[in-house]
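If you scroll down you'll find the structure; I have some questions about it.
The values are calculated or read from the model by the stated rules, or taken from the named source; none is laboratory data. Computed from a predicted structure; not experimentally measured. Cβ placement follows ideal geometry from the backbone for every residue including glycine, while neighbour counts extend to all protein chains displayed.
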Amino acid sequence: MSRDNKGMDINILGREFRVACPEGEQEALLAAAQYLDMKMREIREQGKVIGIERIAVMAALNMAFELKNKSGANSVDISSAQRKIKSMEVMIDDAIRAQETLFAVSSSELPLTSA
């Protein structure tokens, strides 16, 4: 598969496809194409689905099902993460404030120097 700034060529079931790809995302697109190719080959080798379009639809359906089921198990609760981050920010601010008061020196405690 060749890559360039405008896009890249991918191979799925022995067919070349030229696709546009943003700079820096070629590796991820290549991995996705390889995964799709693998899934489509599995379906084709089972021999129950005939025709590349039907194989592609079945692969897409299987991949969507996998994604839907995995997202529930591995999803991140954004609001919970934001609350934890806010809590950590408060703890850090409190710790810094305590350090500032610990090391604070009032102006009356400073030694007088003459110039």
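Yes or no, residue by residue, for (1) among the charged types (D, E, K, R); (2) in a helix (DSSP H, G or I); (3) modelled with pLDDT under 75:
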{"site": "Leu61", "(1), (2), (3)": "no, yes, no"}
{"site": "Phe65", "(1), (2), (3)": "no, yes, no"}
{"site": "Lys68", "(1), (2), (3)": "yes, yes, no"}
{"site": "Ser71", "(1), (2), (3)": "no, yes, yes"}
{"site": "Gln82", "(1), (2), (3)": "no, yes, no"}
{"site": "Val90", "(1), (2), (3)": "no, yes, no"}
{"site": "Thr101", "(1), (2), (3)": "no, yes, yes"}
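A follow-up question, please. Return yes or no: is Lys48 closer than 30 Å to Ile12 by Cβ and either assigned by TED's automatic domain parsing to the domain that holds Leu13 or modelled with pLDDT of 75 or more (or both)?
Answer is yes for this residue.
Take the residues in the range 17-46 that are small (Gly, Ala, Ser) and under 23 Å from Asn62 (Cβ atoms), then tell me which one is surrounded by the most Cβ atoms within 10 Å (Cβ to Cβ).
Filtering first and then ranking leaves Ala33.
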